[in-house]
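The values are calculated or read from the model by the stated rules, or taken from the named source; none is laboratory data. Since the structure is predicted, the reported quantities are computational estimates derived from the model, not experimental observations. FYI the Cβ positions are ideal-geometry reconstructions off the backbone, even for glycines, and counts take in every protein chain you see.
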Amino acid sequence: MIIREATSDDKPAIVELLKSSLGEGFVKKSETVWDFKHHQNPFGTSEVLLAFENEQLIGVRAFMQWRWQLKDTTWIAYRAVDTATHPEHQGKGIFKKLTLEALEIVKLKSETFIFNTPNDKSRPGYLKMGWQVVDAIPIALVPTVLYSLTAFFSKKAANQNQIHTDRLDEICVIHNHNMSKKSVIFTPKSAAYLRWRFEQNPLQHYFVISTKDWYVALYVKKHKFYKELRVAEIISPNTNVDAIRKVIVQQAMKNRCFLITVADKNIFRLRIFGKFGPKLTFKPITEDTEFINKALSINSWGYSLGDLELF
């Protein structure tokens with residue numbers, strides 16, 4: 001078996017392997033999606049390793065670049081995402097070999113860490129390679145009916161993406177400064193990141209609503225018996241809670257969503273807040289024990305759902 005880094009010429013074969021191994025499923029697989037995730041990412045291109053046997057592509061492993069910040073220190077991090085093994089070569093340890101070699105490559109580049117939210121089936125494999133479970137992600141659950149009367153009698157909220165790029169960068173700078181003062185681990189935001197992550201995303205249709213003072217990205221998630229309005233991102237450096245809450249509730253009512261989910265527990269007073277999200281896992285590639293200990297506490301993470309949800 002030969003393992004090497006991927007090149008742009010490998011994209012068609014990678015996409016075919018992902019389809020044959022994983023099927024289409026919820027996450028679309030195409031060269032457009034691959035480029036979006038691994039080449040257009042404003043944080044940088046991904047680390048992608050491929051495994052070949054007799055010139056046939058039999059395995060792929062991708063670490064997507066990300067950024068997390070603690071106080072004034074920004075960490076180059078990697079998100080363990082797309083991985084697949086050819087159906088005829090499963091059970092040979094290809095996933096493990098690719099992952100361990102990818103860890104060695106990123107280790108040579110800088111002190112870093114890997115994070116992801118693997119499902120129950122894949123999590124044991126990561127734990128055997130040194131990943132640690134931080135905890136399930138706390139999320140606020142808000143039954144829409146609790147706020148429906150208030151929204152019904154209030155004036156119609158803003159429903160357009162009105163903010164200009166320069167102004168969006170300005171409020172992102174303020175947002176990042178405010179988050180750094182909280183001494184939590186957060187993803188620093190920028191207009192380039194928000195446009196890429198939510199407005200240009202080919203995998204999910206996000207509603208983006210903004211004024212000159214705040215920015216909200218959300219989408220409708222369909223379940224078997226109900227619909228959920230998921231609030232993926234809120235950038236609001238000043239006190240705009242009432243306006244943002246109104247926008248969220250009116251969008252939930254407009255789309256007949258039974259439930260609202262959001263990471264920020266302060267947006268809604270009437271809600272259930274608990275560890276309802278997927279389990280965050282963490283693999284340190286650093287000897288900074290102070291950072292590692294902090295990262296292993298879920299309360300140290302200042303996340304939005306858009307930072308951690310699968311895409």
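Side notes on the structure shown:
- Hits in segment 161-189 - residues which are more than 15 Å from the chain's Cα centre (by Cα) and among the polar types (S, T, N, Q): N161, Q162, T165, N176, N178, S180, S183
- Residue in segment 74-83 that is of a type in the set (S, T, Y) and more than 21 Å from I114 (Cα to Cα) present: no
- Every test in (1) crowded, with 17+ Cβ neighbours inside 10 Å; (2) assigned by TED's automatic domain parsing to the domain that holds Y126; (3) of a type in the set (A, V, I, L, M) is passed by A263 save one, and that test is (2).
- Scanning segment 222-234 for residues that are in contact (Cβ under 8 Å) with a residue 12 or more places away in the chain and assigned to a strand (DSSP E or B), we see that the one that is surrounded by the fewest Cβ atoms within 10 Å (Cβ to Cβ) is K227.
- Selection within segment 189-221: residues that are of a type in the set (G, A, S) and within 22 Å of H39 (Cα to Cα). The member of this set that is surrounded by the fewest Cβ atoms within 10 Å (Cβ to Cβ) is A192.
- Among all positions in segment 55-75, there is at least one residue which is free of Cβ contacts under 8 Å to residues at least 12 places away in the same chain, outside the structural domain of K189 (by TED's automatic domain parsing) and over 30 Å from V184 (Cα atoms).
- For segment 72-92, the set of residues classified as surrounded by 14 or more Cβ atoms within 10 Å (Cβ to Cβ) and under 20 Å from K19 (Cα atoms) consists of A80, V81, D82, T83, A84, T85, H86, H89, Q90, K92, listed by residue number.
- Qualifying residue in segment 171-192 (condition: more than 30 Å from S297 (Cβ to Cβ), of a type in the set (S, T, N, Q) and not assigned by TED's automatic domain parsing to the domain that holds K37): no
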